[in-house]
Amino acid sequence: MTATLTRTRVLAALVAVSTLALLFVAASGAVPLLPAGDSVDRPDDPSTEDTVGYVEGYWHDDELDVDDRDDAAIEDEDELEAVIYRSMARVEEIRGLTFEDEVPVDVISREEFQEDHDELFVELSAEERVQQNVTYEALFMVDGETDAEAELENMYGDNVGGYYDPGADEIVLVSDSPESPEVDEVILGHELLHALQDQHFDLSGYDRETIDQDNAKNGLIEGDAVTVETEYDRNCGTEWDCLPETDVQPSQPSDVNWGLYTLLYHPYDEGPAYVDFLLEADDGWSAVDAAYDDPPQHSAEVIHPDEDRALADVSVADESDDSWEPFEVDGEVATETAGEAGMVAMFGGNALDPNQPSVIEDDAFLTPDFRIDYDQPYTDGWAGDQLVTYVDSEAANGTPATEETGFVWRTEWTSSEDADQFADGYGELLEINDAETVDDRDGLYVIDDAYPGAYAVRTDGETVTVVRAPSVDELDAVAAGITAEGESTDGTDETSGSDETDRAESEDDDTGADDDSIPGFAAPGAVIAIVAAVLAARLRN
């Protein structure tokens with residue numbers, strides 16, 4: 001799984017899992033892409049650098065003594081080296097690229113990992129934490145009493161089986177018995193594929209400055225990795241002899257944040273279909289290779305790869321009075337873009353929990369083959385969004401509490417009907433979270449419990465604006481006129497340098513410059529493995 005190296009990310013490494021059970025993805029129906037062992041004639045003088053499917057003396061279909069054992073325990077460094085080289089050759093054979101350099105693999109104990117794994121997470125400033133909390137409150141994923149960063153880190157639990165560290169160009173395997181580790185060969189192949197991607201396409205070169213950018217880039221990167229992993233797993237026991245399956249069983253989490261899970265899972269669920277679209281639309285892997293030079297800019301492109309949608313360049317103008325002001329991180333206004341995947345997770349995450357009500361019901365959210373359907377009527381007309389965090393002016397120079405923060409979230413849609421559907425969905429989400437309407441006024445709500453504050457939802461044509469403040473009286477202080485009955489924000493001067501939203505393809509600037517948005521994050525593989533299994537069991541019941 002992927003992560004960025006910039007300050008805008010929670011993770012700083014590509015994390016693997018102890019047992020990779022991507023049930024949704026495995027059932028997606030991808031077809032074998034390259035018949036193992038029969039693709040090309042073998043040269044008489046193969047080389048690691050120039051021969052696909054051959055690394056340091058090992059061919060992709062070689063047999064190893066460890067294949068015939070009762071378990072996947074590796075006895076010494078020589079055996080581990082042979083397993084790594086053969087796995088590299090197998091990844092090459094499927095992907096059609098050669099490794100440019102060796103990939104060091106280190107094995108550490110779980111105790112060592114638990115004591116010192118700070119390198120996996122980018123340290124957030126106090127201001128970044130505030131913005132992250134407000135954003136996930138707006139998405140109804142993390143309530144006002146919970147720290148969002150802690151909630152994200154908790155998703156990993158004790159089940160990380162390893163990770164690829166782009167900074168060190170190495171894979172670290174986490175084992176309960178590091179002297180003779182049990183190696184999951186398919187997981188090793190997945191992480192080696194990330195190393196291969198990094199060598200050819202420089203994964204650290206992409207900006208992931210918003211949730212939406214992150215899901216878009218990961219749709220390509222993880223879609224590529226899962227497609228290769230699925231083919232690798234298929235070949236084991238048919239075309240290839242592989243290591244025995246490991247006996248390591250991940251522990252089940254007692255409390256899963258299904259909204260975050262659905263958001264994090266998006267690249268794994270939709271990414272393989274996006275890669276399949278590229279493979280079918282052009283000349284195989286060359287189309288996927290080319291996509292790294294022009295990656296998807298929005299999660300909507302991954303969800304709807306066959307659409308050429310005109311998007312809106314959305315920006316929120318400050319219409320607050322002197323008592324409120326836009327919150328700043330590193331001297332820049334704190335903004336975020338949730339994107340279509342983020343909104344689907346907001347409306348549908350609780351569909352995975354039979355004990356929670358959800359805007360999108362489980363029968364519409366889950367497909368018969370255990371996949372999540374991210375193409376939903378509430379969100380499939382997404383054309384752009386921007387969420388700006390606000391703060392009480394008296395708390396602007398400190399670390400504001402939840403009751404001293406608010407937000408303005410402007411969303412754009414491809415039609416007024418799509419805008420109405422989103423507004424209806426957000427209103428239903430408010431009601432699910434115990435919101436009460438204010439004096440029977442449409443679009444004006446108050447919540448006293450987990451997500452406290454006053455909310456205004458206003459629709460104007462293809463624009464929906466959501467505003468939250470601590471009280472009804474302060475809504476207009478955050479966004480002037482938002483509570484006026486029968487009126488809504490018209491957005492006439494809410495874009496930078498223009499009197500109206502420019503409806504054009506918005507472009508992602510992959511220059512590596514700092515951004516004012518909150519940290520994004522990549523899907524935690526441990527949770528993917530465990531939660532997919534838990535969900536499948538629930539569905540079967």
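Key figures
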{"item": "Probe 1.4 Å - accessible area at Ser177, Å² to nearest ten", "result": "50"}
{"item": "Other-chain or far-sequence residues with amide H under 5 Å of Val105's (modelled H)", "result": "Ile171"}
{"item": "Computed over the stretch 317-426, Cα set: Rg, Dmax in Å", "result": "17.1, 54"}
{"item": "Surface accessible to a 1.4 Å probe, Ser180 within the full protein complex, Å²", "result": "50"}
{"item": "Cα coordinate range in the stretch 363-471, projected on the principal axes (Å, largest first)", "result": "50, 32, 31"}
{"item": "Dipole moment magnitude, nearest 20 debye, the stretch 205-298 about Cα centre, only Lys, Arg, Asp, Glu C-beta charged", "result": "300"}
{"item": "Cα gyration tensor shape for the stretch 181-242, rounded if a/c is under 1.5, else prolate or oblate", "result": "prolate"}
{"item": "Alpha-carbon centroid distance for the pair the stretch 101-150 / the stretch 441-484, whole angstrom", "result": "31"}
{"item": "Solvent exposure, largest accessible area first (probe 1.4 Å, DNA, RNA and ligands not counted), of Asp241, Asp255, Asp434, Asp70", "result": "Asp70, Asp255, Asp434, Asp241"}
{"item": "Inter-centroid distance (Cα atoms) of the stretch 344-409 relative to the stretch 187-213, Å", "result": "26"}
{"item": "Under 9 Å, Cβ to Cβ, from Pro267 - net charge with Lys/Arg +1 and Asp/Glu -1", "result": "-3"}
{"item": "³J(HN,Hα), Karplus 6.51/-1.76/1.60, whole Hz, each residue of the stretch 224-240, x for Gly, Pro", "result": "4, 5, 5, 4, 5, 4, 4, 5, 4, 5, 5, 6, 5, x, 10, 8, 10"}
{"item": "Amide H partners (placed H, <5 Å) of Thr48, local residues excluded", "result": "Glu56"}
{"item": "Rounded if a/c under 1.5, otherwise prolate or oblate - the stretch 177-289, Cα gyration tensor axes", "result": "oblate"}
{"item": "Net charge of neighbours whose Cβ lies under 9 Å from the Cβ of Asp380, counting Lys and Arg as +1 and Asp and Glu as -1", "result": "-3"}
{"item": "Tensor-based shape of the stretch 229-364 (alpha-carbon gyration tensor, a/c under 1.5 rounded, otherwise prolate or oblate)", "result": "oblate"}
{"item": "For the stretch 447-464, Karplus couplings with θ = phi - 60° (6.51, -1.76, 1.60), whole Hz, Gly/Pro x", "result": "10, 9, 9, 5, 10, x, x, 9, 10, 10, 10, 10, 10, 9, x, 9, 10, 10"}
{"item": "Local electrostatic count, Pro43, Cβ distance below 13 Å [Lys/Arg +1, Asp/Glu -1]", "result": "-4"}
{"item": "Heavy atoms of Glu56: accessible area, 1.4 Å probe, square angstrom to 10", "result": "80"}
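The values are calculated or read from the model by the stated rules, or taken from the named source; none is laboratory data. Predicted model, so just to flag it, every value in this text is computed and none were measured. FYI the Cβ positions are ideal-geometry reconstructions off the backbone, even for glycines, and counts take in every protein chain you see. The accessibility values were calculated without ligands, DNA or RNA, using every heavy atom of the protein model including side chains. Shrake-Rupley method; radii C 1.70, N 1.55, O 1.52, S 1.80 Å.
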